[in-house]
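Below is one structure; the comments refer to it alone.
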Amino acid sequence: MSRELKKRIESELAETERLLLDHADKSAPVELDQQSVGRVSRIDAIQVQAMAQAVVKRREARLGRLRAALARIENGEYGYCLECGETIATGRLEVDPTFTHCVRCAGKMGG
Ligand SMILES: [Zn+2]
């Protein structure tokens with residue numbers, strides 16, 4: 001297992017945590033003032049909020065995968081396919097260090 005990958009996971013984990021905290025600071029619910037905001041603007045604000053929530057969900061999911069990858073490094077399971085136990089190709093882990101399946105099993109699962 002390359003140290004480089006662990007470093008990448010750790011720095012992406014820190015960055016993702018930072019982005020989530022940063023967002024939590026700014027994500028006070030949008031005030032929807034009936035008087036000053038028209039119907040279309042309200043819909044815009046709701047859509048913006050929904051998109052922001054989707055981003056947060058994606059980041060939280062990513063954070064979970066990054067933490068799981070670090071846990072696998074700690075217990076020596078990192079780099080092995082969860083399905084068949086084969087080594088995951090390094091090139092594949094360089095694309096995304098949180099991959100948990102070899103290319104064959106990932107293909108079978110459709111992702
Ligand atoms: Zn496999």
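Taken over segment 74-111, residues that are buried (at least 17 other Cβ atoms within 10 Å of the Cβ), in contact (Cβ under 8 Å) with a residue 24 or more places away in the chain and not hydroxyl-bearing (Ser, Thr, Tyr) amount to 4. Quick one: Leu21 ticks every box in (1) at pLDDT below 95; (2) over 17 Å from the mean Cα position of the chain (by Cα) bar one, so which box is it? With (1) at pLDDT below 95; (2) over 17 Å from the mean Cα position of the chain (by Cα) applied to Leu21, the lone miss is (2). Of all residues in segment 73-101, those satisfying the criterion of being within 18 Å of Ile9 (Cα to Cα) and out of contact with any Leu (no Cβ under 9 Å at 6 or more places or on another chain) are Glu74, Asn75, Gly76, Glu77, Tyr80, Cys81, Ile88, Ala89, Gly91, Arg92, Val95, Asp96.
The values are calculated or read from the model by the stated rules, or taken from the named source; none is laboratory data. The model shown is predicted, which means the values in this text are computed figures rather than measured ones. No Cβ is skipped: glycine too gets one built from the backbone with ideal geometry, and neighbour counts run over all protein chains shown.
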